[in-house]
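Visitor: My structure is below; once you've seen it, I'll send some questions.
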Amino acid sequence: MIQEQLNRLVRPDADGNFGRHGGKIDHPELAKALDQLEAGFRNIIEDAEFKAEMKRLQATYVGRPSPIYHARSLSRRGAQIYLKREDLNHTGAHKINHCLGEVLLAKKMGKKKVVAETGAGQHGVALATAAALLGLECEIHMGVVDIAKEHPNVSRMKILGAKLVPVSAGAGTLKEAVDSAFAAYMQDLENSMFAIGSVVGPAPYPEMVAYFQSIIGLEAREQFQNEYGGLPDEVIACMGGGSNSMGLFNAFIDDEEVALVGVEPAGEGLDRPGRHAATLTLGKFGNIQGFNCYYLQEEDGTPAAVHSIASGLDYPGIGPQHCYLKDIGRGRYETATDAECLDAFLTLSREEGIIPALESAHALAYALRRAPLLDSGKRLLVNLSGRGDKDIDFILQKLDI
Ligand SMILES: *Cc1c(COP(=O)(O)O)cnc(C)c1O
């Protein structure tokens, strides 16, 4: 399984580039620390003990493999819709997959602490969970605006023993939290490890996070063949930084008959700058926070304001692997609006009894739009990246139900 995992990964060149995207950091001190991290990563993925421990934790702690569910009610629209149930993981989303990997790696490298940013708090909770499990300190940087908005996740992180650092600079949201966490990491490169929350940032993070997430697609491909026969026609996932989608896509990269579809948040409309986060659809090439990718930018190149009803999707950049997949024509990138997302959220809740995360509802919204255009023999596999418990208060405020 592991060899297959490596063979199928979209790999960067020696400079951390996927085509013209990605790359290494050019800050000398940080570059040295990230080179050590990369060496540590290359070591552990060949290490039998590490692999055995990962496998044990995935099975007994996270609850893997997550099932693939054939959503028969949804499928009455046309094409058959299947859900990869990452929402059933411990902590309720896919993020635990890379957090366990990152914290286990930090521990093997003799680090005492993991440091990270969080936006909606999902990455912070998953990381605090893995750090509690494996006995490392955990420091989470979070914008003051997000802290005010995301109370339950802030409480969870505190209960799990993480140290929360409020960030009031700039807009007080995710981008500033990333800068703050990076600065804190640089204060203590010796004892700490920066544990990023998606397939973004300089090398080795995009490759490393994609590797830890690739369990999603490897399981899904095997399960689909065994339980339903053959391969799906399209595999579909929502796009924040791009980790749950890369996790799903990797295993299907060589299956040219399988379309890889990423769904970006169109927010209040693609014609409303600052009110969407459709990075691959409308972004331009450049460097954001230490790596090259397409990102939503102002005319002077500064990152643009972004919005999505799903706070886990509102980042102006995107993982370099996706930029590369777009350039070579292997990935197809679509969008779904806030309104379509709310619709999909309620449809899944009421037709199947599954409350999805608002992030995941974007992937679902595309599938619901797509299914009636295809005949009933076609099969769409949607990654249900997380559960919607975190979103229910917001939904009640938003909708008159
Ligand atoms: C964070 C999050 C996302 C977006 O992040 P990716 O890196 O694009 O996967 C999607 N779904 C859920 C449930 C999340 O918590």
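Visitor: Hey, what's the chain come to in accessible area per residue, 1.4 Å probe, Å²? Provide the component values of the computation, followed by the final result.
Guide: Values: 15400 Å² over 401 residues.
Per residue, the chain has an accessible area of 38 Å².
Visitor: Hey, another quick one. Report the Rg/Rh value for the stretch 98-167, based on alpha-carbon coordinates and the Kirkwood definition of Rh. Walk me through the intermediate numbers first.
Guide: Working: Rg = 11.3 Å, Rh = 11.7 Å.
Reported Rg/Rh, Kirkwood definition of Rh: 0.97.
Visitor: Share of the stretch 31-158's accessible area from carbon and sulfur, percent, 1.4 Å? Could the numbers behind the result be given before it?
Guide: Values: 2510 of 4850 Å².
Roughly 52 percent of what the probe reaches on the stretch 31-158 is carbon or sulfur.
Visitor: Just the ratio, please: alpha-carbon radius of gyration of the chain over 2.2 N^0.38 Å, N its number of residues. Don't skip to the end; give the middle numbers.
Guide: Values: Rg = 19.4 Å, N = 401, 2.2 N^0.38 = 21.5 Å.
Here the Cα radius of gyration is 0.90 times the empirical estimate.
Visitor: While we're here: So for the stretch 143-262, what percent of the C-alpha to C-alpha distances run longer than 22 Å?
Guide: Details: 3669 of 7140 pairs.
That tail contains 51 percent of the Cα-Cα pairs.
Visitor: Please go through the stretch 233-283 and write out the GluC sites (Glu not before Pro) that DSSP classes as loop and that have at most 12 other C-beta atoms within 10 Å.
Guide: Answer in residue order: GLU256, GLU257.
Visitor: Cut-off under 17 Å on the C-alpha distance; same-chain residues fewer than 8 positions from LYS326 excluded. Which lysines are left, in chain and number order?
Guide: Within the straight-line limit of under 17 Å, LYS326 reaches these lysines: LYS284.
Visitor: Compare LYS390, LYS55, LYS111 in a GNM of the chain, Cα atoms joined below 10 Å, and give the one with the largest fluctuation.
Guide: Its mean-square fluctuation being the largest, the pick is LYS55.
Visitor: Among the listed pairs LYS55/LYS390; LYS32/LYS55; LYS24/LYS107, which are separated by more than 26 Å between their Cα atoms? If you can, show how the numbers build up before the last one.
Guide: Working: LYS55/LYS390 28 Å; LYS32/LYS55 30 Å; LYS24/LYS107 23 Å.
Going by Cα-Cα distance, LYS55/LYS390; LYS32/LYS55 fall outside the 26 Å limit.
Visitor: Something else about it: With only alpha-carbon atoms in the gyration tensor, what are the semi-axes of the equivalent ellipsoid for the stretch 218-314, in Å, largest first?
Guide: Working: eigenvalues 194, 40, 23 Å².
Those come to 31, 14, 11 Å.
Visitor: How large, in percent, is the carbon and sulfur part of the accessible surface of the stretch 175-246 at a probe radius of 1.4 Å? If you can, show how the numbers build up before the last one.
Guide: Details: 710 of 1720 Å².
Reported share for carbon and sulfur atoms: 41 percent.
Visitor: Within the accessible area of the stretch 257-369, what % is carbon and sulfur when the probe is 1.4 Å and the other protein chains stay in place?
Guide: Values: 1900 of 3990 Å².
Carbon and sulfur together cover 48 percent of it.
Visitor: What residue among PHE285, PHE212, PHE249 shows peak mean-square fluctuation when the chain is described by a Gaussian network model with Cα springs under 10 Å?
Guide: So, out of PHE285, PHE212, PHE249, the one fluctuating most is PHE285.
Visitor: Here is a further query. Where the centre of each part is set by its Cα atoms, how far does the stretch 106-185 sit from the stretch 272-332, in angstrom?
Guide: 23 Å
The values are calculated or read from the model by the stated rules, or taken from the named source; none is laboratory data. Not measured: the values here are computed from a predicted model. Methodologically, a virtual Cβ is constructed for each residue, glycine included, from the backbone with ideal geometry; neighbour enumeration extends over all protein chains shown. Please note that ligands, DNA and RNA were not included when accessible areas were found on the heavy atoms of the full protein model with its side chains. Shrake-Rupley method; radii C 1.70, N 1.55, O 1.52, S 1.80 Å.
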